[in-house]
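Scroll down for the structure; my scribbles are underneath it.
Computed from the coordinates by the stated procedures, all read-outs in this text should not be read as laboratory data. Given the structure is predicted, the values throughout are model-derived calculations rather than measurements. Note: ideal-geometry Cβ built from the backbone for every residue, glycine included; neighbour counts use all protein chains shown.
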Amino acid sequence: MERGSFGSKVGIVLATAGSAVGLGNVWRFPYMTGENGGAAFILIYIGCILILGLPGMVSEFIIGRHAQANAARAYDKLSGGRPWKLVGYLGILTATIILGFYAVVAGWCLQYLYASVVGQLSGDAEYVKNYFVSFSSDALKPVLWGVGFVLLTHLVVVRGVRSGIEKASKLLMPILFILLVIIVIASCMLPGAIEGVRFLLMPDFSKVSSKMLLEALGQAFFSLSLGTAVLCTYASYFTKETNLLNSAGQIVVLDTAIAILAGLMIFPAAASVGVSPDSGPSLIFITLPNVFQQAFASFPFAGYFIGVMFYALLVFAALTSTISMHEIGTAFFTEEFNISRPKAACIITVVASVICVFCALSVGAYKELQLMGHPLMGFCDQLTANVMLPLGGMLTCLFVGWYVPKQVVRSEFTNNEQVSGRFFSIFLFAVRYVCPICIMLIFLHQLGVV
C-alpha cells in the first residue's frame with residue numbers, strides 16, 4: 001500500500017505546527033504565565049524550548065523519516081525487533097487516550113462558539129458561571145458536542161495526508177493566526193490594557209523559583225506534543241530533502257509566537273476590567289466571556305464579535321491538534337493490519353468516541369465514574385500528562401542518543417551530508433544527557449516528588 005506524504009515545505013511546517021498548536025497554547029500557556037508572574041516565565045519557557053523542545057522534536061523526526069512508517073513499526077525497524085518498539089505502541093496508546101478526553105474540552109469550545117453566535121453568553125459573572133456548570137453537568141449536551149468533534153476530526157483524517165491533513169492545515173493555521181491578531185489588536189486598544197501588556201512583557205525575576213522552572217519545562221514538553229508519537233508519525237511523511245533542524249526551528253518559532261500572542265489577547269482585556277491574570281484554568285469558560293462583555297460594554301457588537309472570534313479560534317486550535325492525534329492510530333491500523341484508511345480511521349473514531357463519552361459523563365452527570373479517586377477524565381489527564389508523556393519522551397531521547405547507530409542519526413540530521421552538521425554534536429549531547437535529565441525532573445515534579 002503506497003504511503004502518503006506532504007506535498008510542500010509549507011504543508012510540512014503548518015501541519016506539524018498545527019499538531020503542536022492547540023488549547024495548550026491558547027488556554028494553558030496564558031493561565032500558566034499568569035500564575036507564574038508573566039514575562040519571567042516566558043523567558044524561562046523559551047529557554048526550555050531551546051534546551052528540550054528542539055532536540056526532542058528532531059529526535060522524533062529522525063525516527064519517523066528514517067523508518068517511513070507508523071510509530072510502532074518505526075521503533076521496531078530501528079531497533080531490529082527488540083523491545084524498543086513498545087515505545088511506539090506507548091505513543092499510539094497515549095495519543096488515543098488524549099484524543100478521547102481532549103475532545104470533551106474541544107466539544108465545550110464548540111458549544112461556546114454556538115452560544116456566542118446565538119447570544120447566550122450575555123449576562124453577569126454569576127450567570128456565565130452558572131451557564132458553564134449547567135452545561136457541563138448535562139447528561140447529553142457535552143457528549144454530543146464531544147463526539148461531534150471526534151467526527152469532525154474523522155472527516156479530515158479519512159481524506160489522507162495531502163487531501164486531508166495538509167489541506168486542512170493550510171486553511172486552519174492562517175485563519176487561526178488572523179483571528180488571533182485581530183483579537184490581540186482589539187484587546188490592546190482597550191482602556192488600561194497597557195497594564196496587561198506590561199505584565200506579559202516586563203519580567204519580574206523575583207517570581208523565579210524551582211517550581212516555575214519545572215512548570216516551564218513541562219509546558220515546553222506538552223506544547224510541542226513531545227512523547228505522543230505525533231512528530232514521529234508526521235515525520236514519516238516528510239521527504240528526504242526536508243531539513244529536519246530548520247523545520248523544527250520554524251515550528252518552534254510559530255508555536256511560541258502563537259502562545260505569546262494568546263497572552264497578548266487575554267491579559268490586556270483582563271487588565272482593562274480588573275480581572276486577575278492568575279485566574280487559572282477557569283479563564284476560558286467562566287472568566288473570559290464576562291471579560292469581553294465588560295471590556296466592550298460601550299460597543300456591544302464589538303464584544304459580541306470578539307467573543308465569537310475567540311471561540312472560533314479555540315475550535316480551530318483544538319482541531320489542528322485532534323487531527324494529528326487521530327492520524328497516529330489511523331496510520332498504525334492502516335499499515336499493521338493492511339486495511340483501508342477509512343476503516344482504520346473508523347476504528348480510532350469509535351475508540352476515541354467511547355473514551356470521550358465516559359470522560360464527559362465523569363465530570364458532568366455521572367461523577368461516580370472514577371478511577372483511583374479521580375473522575376475518569378481527570379484520571380486520563382493525570383495518567384497521560386504525569387506518566388505516559390514524560391516516559392515516552394525520555395525513552396525516545398535515550399533511544400536516539402544511545403541505541404540508534406550514530407551514523408544513522410547523523411545521516412538523517414544532515415540529509416546524507418547535504419546540509420550542515422555543525423550543530424550535530426550539540427544535538428547528540430542534548431538527547432543523550434540534557435533532555436533525559438530535564439524530562440526526569442518533569443516526571444518527578446508531576447508526581448510531586450520534587
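With +1 on the Cβ of every Lys and Arg and -1 on the Cβ of every Asp and Glu, and nothing else charged, how large is the dipole of the chain about its Cα centre, in debye rounded to the nearest 20? Show your work: numbers first, answer last.
On the way: 25 positive and 21 negative charges, 211 e Å.
Result for the chain is approximately 1020 debye, rounded to the nearest 20.
Looking only at Cα atoms, what is the convex hull volume of region 9-446 per residue, in Å³?
133
Taking the Cβ of each residue in LEU231, LEU78, LEU190 as the centre, tally the other Cβ atoms inside 10 Å and list the residues starting with the fewest.
LEU190, LEU78, LEU231
What ranking do TRP108, TRP402 get, fewest neighbouring Cβ atoms within 10 angstrom at the top?
Details: TRP108 24, TRP402 12.
Placing the least packed residue first, the sequence is TRP402, TRP108.
Springs between alpha-carbon atoms under 10 Å, Gaussian network over the chain: tell me which of GLU412, GLU166, GLU368 tops the mean-square fluctuations.
So, out of GLU412, GLU166, GLU368, the one fluctuating most is GLU368.
Ordered by residue, what ³J(HN,Hα) values in Hz, to whole numbers, does region 158-169 give under the Karplus form 6.51 cos²θ - 1.76 cosθ + 1.60, where θ = phi - 60° and Gly and Pro are x?
5, 7, x, 6, 6, 7, x, 5, 5, 5, 5, 5
Taking the simple approach of a point 7 Å from Cα along Cα-to-Cβ for both CYS346 and VAL197, what is their distance in nm?
Each label point is offset 7 Å from its Cα along the Cβ direction, giving 5.5 nm.
Kindly write out, for region 400-408 in residue order, the coupling ³J(HN,Hα) from the Karplus curve 6.51 cos²θ - 1.76 cosθ + 1.60 (θ = phi - 60°), rounded to whole Hz, with x marking Gly and Pro.
Going residue by residue, I get 5, x, 10, 9, 5, x, 4, 5, 5 Hz, with x marking Gly and Pro.
Among GLN120, GLN250, GLN68, which one shows the biggest mean-square fluctuation in a GNM of the chain, springs joining Cα atoms closer than 10 Å?
GLN120
Tell me the angle of helix 141-157 to the major Cα principal axis of the chain, expressed in degrees between 0 and 90 and rounded to the nearest ten.
Result, in degrees: 40.
Ratio of Rg to Rh for region 58-132, alpha carbon only, Kirkwood?
1.35
What is the packing order of peptides 213-222, 55-64, taking the mean over residues of other C-beta atoms within 10 Å and listing the highest first?
With the highest mean Cβ count within 10 Å placed first, the list reads 55-64, 213-222.
Would you check the chain for Lys pairs whose C-alpha atoms are within less than 28 Å, ignoring same-chain pairs closer than 8 in sequence, and give me the count?
21
Normalised by the residues of the chain, what does the relative contact order come to in percent, with Cα pairs under 8 Å and at least six apart?
Relative CO of the chain lands at 34 percent.
Neighbour counts of other C-beta atoms within 10 Å: give me THR94, THR239 arranged from fewest to most. All intermediate terms of the calculation are to be shown ahead of the outcome.
Working: THR94 24, THR239 13.
In increasing order of surrounding Cβ atoms, one gets THR239, THR94.
By residue number, which cysteines of the chain lack any other Cys whose Cβ falls under 4.7 Å from their Cβ?
CYS48, CYS109, CYS188, CYS232, CYS346, CYS356, CYS359, CYS380, CYS438
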